[in-house]
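The values are calculated or read from the model by the stated rules, or taken from the named source; none is laboratory data. If you're wondering where the values come from, they're calculated on a predicted model, not measured in any experiment. For neighbour counting, all protein chains shown are included, and Cβ atoms are generated from backbone atoms with ideal geometry for every residue, glycine included. Surface accessibility is based on the protein's heavy atoms, side chains included, excluding ligands, DNA and RNA. Shrake-Rupley method; radii C 1.70, N 1.55, O 1.52, S 1.80 Å.
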Amino acid sequence: MCGITGIANFNQKPKKEIVQIMNSYLSHRGPDNSSIYENNFLIMAMSRLKIIDMSDKSDQPLSDNNDKIFITYNGEIYNFAELKKKYCMNYNFKSSGDGEVLVPLFLKFGIDFISKIKGMFSIAIADLRYNKFYLIRDRFGIKPLYYYFDNKINELSYSSEIQSLFQNKKINKEANYNEIFKYLNYSMVNSTNETWFKNIYQLESSHF
C-alpha cells in the first residue's frame with residue numbers, strides 16, 4: 001500500500017521533526033521501510049510496503065544518478081517493464097521495482113511523462129535543477145493524496161492520509177460542515193476536492 005508525506009516551503013526550511021511524526025502515522029501503510037529526504041526547501045518522506053522488489057534498493061525517495069531528481073511514490077505502474085524497454089535503455093537502474101522508471105521518464109519528458117504511464121499512483125517529485133516541486137495523482141484518483149496550503153508562510157503540507165497531516169500542529173482540525181451535510185443527506189462522497197475538514201483538500205487527478 002505505502003504512504004507518502006512531506007512539507008515544501010520556498011521561504012524557509014521546514015522542520016524535519018514534524019515530517020518524521022507525520023510519516024510515523026503512515027507506518028501501517030508501509031511497515032517495511034521508513035525513509036526521508038531533506039534540502040533547504042523540502043522534507044519528503046515515505047513509508048514502504050515491499051511488493052515487486054523485495055530488496056532495499058527500491059527504498060524511497062528514489063533519485064537520479066546525479067541526485068537532481070527525488071521522487072516518492074505510492075501505487076503501481078502497470079506498464080513499467082514496457083516503458084523501460086522503450087524509453088530508458090541507457091539509464092542505469094538501481095532496482096527492479098516499478099517506481100524507479102518514473103525518474104528517467106521525468107528526466108526525458110518532464111511533467112508530460114504522466115501521459116506515458118498506466119497505473120494507480122500518487123507521486124511527489126522534487127526537481128532540484130529548477131527548484132520545482134510537483135504532486136501528482138492518477139486519473140481516477142485511486143491512490144489518496146491530501147494537502148494543506150498555508151498562505152501566510154507559503155507552505156505546502158501533503159500526505160496519503162488526513163490524520164497524518166494533523167500531526168503538523170500548524171494545521172487546525174476544523175469540520176467542513178458543507179461536505180458533511182452532502183454526505184449525510186445525499187450520500188455524496190468526493191463530489192469536489194474538499195474534504196470533511198476545512199482547508200484540507202484532496203489532490204484532483206492532475207498535478208499541483
Qualifying residues in region 15-31 (those that are open to solvent by 10 Å² or more (accessible area, probe 1.4 Å) and not in a helix (DSSP H, G or I)) - the one nearest to Lys50 (Cα to Cα): Pro31
Positions within region 85-123 being among the basic types (Lys, Arg) and closer than 15 Å to Ile52 by Cα, in sequence order: Lys94
Filter result for Glu155 (closer than 29 Å to Gly110 by Cβ and among the acidic types (Asp, Glu)): yes
Residue pairs meeting the criteria (Cβ under 8 Å; at least 6 apart or on separate chains; first over 12 Å from Asp98 (Cα atoms), in region 51-70; second loosely packed, with under 13 Cβ neighbours inside 10 Å): Asn65/Asn92; Lys68/Arg129; Ile69/Arg129
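Confirm whether Asn185 is among the polar types (S, T, N, Q) and modelled with pLDDT under 95. Spell out how you get there, then give the answer.
Details: among the polar types (S, T, N, Q): yes; modelled with pLDDT under 95: yes.
When the stated conditions are applied, Asn185 passes them.
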Whichever residue in region 133-162 is more than 14 Å from the chain's Cα centre (by Cα) and assigned to a strand (DSSP E or B) and, among such residues, is nearest to Phe41 (Cα to Cα): Glu155
Residues (open to solvent by less than 10 Å² (accessible area, probe 1.4 Å) and either over 19 Å from Met22 (Cβ atoms) or modelled with pLDDT under 95 (or both)) located in region 137-158: Asp138
Contacts under 7 angstrom Cβ, first residue in region 129-153 being among the aromatic types (Phe, Trp, Tyr), partner open to solvent by 30 Å² or more (accessible area, probe 1.4 Å) and assigned to a strand (DSSP E or B), 6 or more apart: Tyr134/His207; Tyr146/Tyr201; Tyr147/Tyr201
Residue that is nearest to Ile142 (Cα to Cα), among those in region 78-128 that are open to solvent by less than 10 Å² (accessible area, probe 1.4 Å) and assigned to a loop (DSSP other than H, G, I, E, B): Ile117
